[in-house]
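The values are calculated or read from the model by the stated rules, or taken from the named source; none is laboratory data. This is a predicted model, so every value here is computed, not measured. Backbone-built Cβ (ideal geometry, glycine too); neighbour counts: all protein chains shown.
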Amino acid sequence: MTSKSKQLTAPQFDKIFPNEEACDNYLVANRWPKGVHCPRCGSEKVYPLATMKFKWECPDCREGGAYRFSHLVGTIFENTKIDLRDWFKVIHLMLTAKKGMSAMQIQRIMGFGSYKTAWYVCHRIRTALQDNEFRKLMGIVEVDETFIGGKRKNKHKNLRGKGKATPKTAIIGAVERKGSVVTRVLGSLSAVDMQRFVREAVSTKVSLLATDEQAAYKSLGEYPHETVMHSAQQYVVGAVHTQTIEGFWSLFKRSIVGSYHKVSEKYLPLYIAECQFKYNNRGNANIFGLAIAGC
């Protein structure tokens, strides 16, 4: 896997998608690469309707009347008044922005009538980019946790609450060196949740599991586990380090500081999903097609 791959430029995007019909054809080709099938029952016996473009009828779903569907059924584009080309343009902008793009900036570029519309579109896209099915990580895997949240002194006085500490949201992640990353928002750290995440995300057949000295990782006896002592200013011991996952955390935090400025705990999983998707497909020349297929 290469470290990065060229994506569509703005002129290339305009050439490939000059109108709505081009976007319709692209969506059909990426959603059903092996041929159109019924989104309700999965039947491949569907046939196109001669009088209605991009609409099909399923003969196996005739109970209660014929079932007609379009290429938008079951996608994030269904039941919206936004043109498909505008959806594609927003997806392109989000994928090509390394540190993300805020809904406010999307509104400015796309000319949406309200910030709420831009926010809605961005979150629908982030939802589609979530990867709920992944293979367990192999090879050399690093696991680390981080916290998202601002400083207490920067909050309004009425929102600071009691005590000196500001509650922050914990995220744990595992990355396969030169491979993919898997993350999960935990809210607050607990040894049980951290160990469960590692066992679900990382194969026991890894050649090395590298972590810091966090006590929760000590119970992972089924893994070939090595640690670095960050508290003792120890960061690299041969092949043992957590710099790859820390680099991913740095990239994600830069997107919050530089683009989003504020991310609520409720929607944090969507923002991390966007960053994770772009990281895992950094060497994929067809990252845009993959995103469209998942929508």
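A few remarks follow.
- So Y235, is it modelled with pLDDT of 95 or more and over 30 Å from Y115 (Cβ atoms): no
- Strands (runs of 3 or more DSSP E) fully within the stretch 171-255 counting 1 or more residues that are touching a residue at least 40 places away in the same chain (Cβ under 8 Å): 181-187, 208-211
- Tally, over the stretch 215-250, of residues that are hydrophobic (A, V, I, L, M, F, W, C) and within 27 Å of the chain's Cα centre (by Cα): 4
- Checked against (1) assigned to a helix (DSSP H, G or I); (2) farther than 21 Å from F134 by Cα, Q276 passes all but a single condition, namely (2).
- Some residue of the stretch 88-108 being over 20 Å from the mean Cα position of the chain (by Cα), in the same structural domain as N19 (by TED's automatic domain parsing) and surrounded by fewer than 16 Cβ atoms within 10 Å (Cβ to Cβ): yes
- Residues that are of a type in the set (G, A, S) and modelled with pLDDT under 85 within the stretch 48-75 comprise G64, G65, A66, listed in sequence order.
- Residues that are at pLDDT 95 or above and not small (G, A, S) were ranked within the stretch 172-183; the one that is surrounded by the most Cβ atoms within 10 Å (Cβ to Cβ) is V175.
- Of all residues in the stretch 130-170 being assigned to a loop (DSSP other than H, G, I, E, B) and aliphatic (A, V, I, L, M), the one that is modelled with the highest pLDDT: M138
- Among the residues of the stretch 20-44, those that are in a loop (DSSP other than H, G, I, E, B), surrounded by 12 or more Cβ atoms within 10 Å (Cβ to Cβ) and not aliphatic (A, V, I, L, M) comprise W32, H37, C38, P39, R40, C41, S43, E44.
- Of the residues F69, F13, F77, the single one that is within 25 Å of W119 (Cβ to Cβ) and in contact with a Cys (Cβ under 8 Å, 6 or more places away or on another chain) is F77.
- Restricting attention to the stretch 45-88 and to residues that are part of a loop (DSSP other than H, G, I, E, B) and touching a residue at least 60 places away in the same chain (Cβ under 8 Å), the residue that is nearest to T127 (Cα to Cα) turns out to be I76.
- Any hit, the stretch 252-262, residues being more than 22 Å from V182 (Cβ to Cβ) and surrounded by 14 or more Cβ atoms within 10 Å (Cβ to Cβ): yes
- Condition check for E222: acidic (D, E) and out of contact with any His (no Cβ under 9 Å at 6 or more places or on another chain): yes
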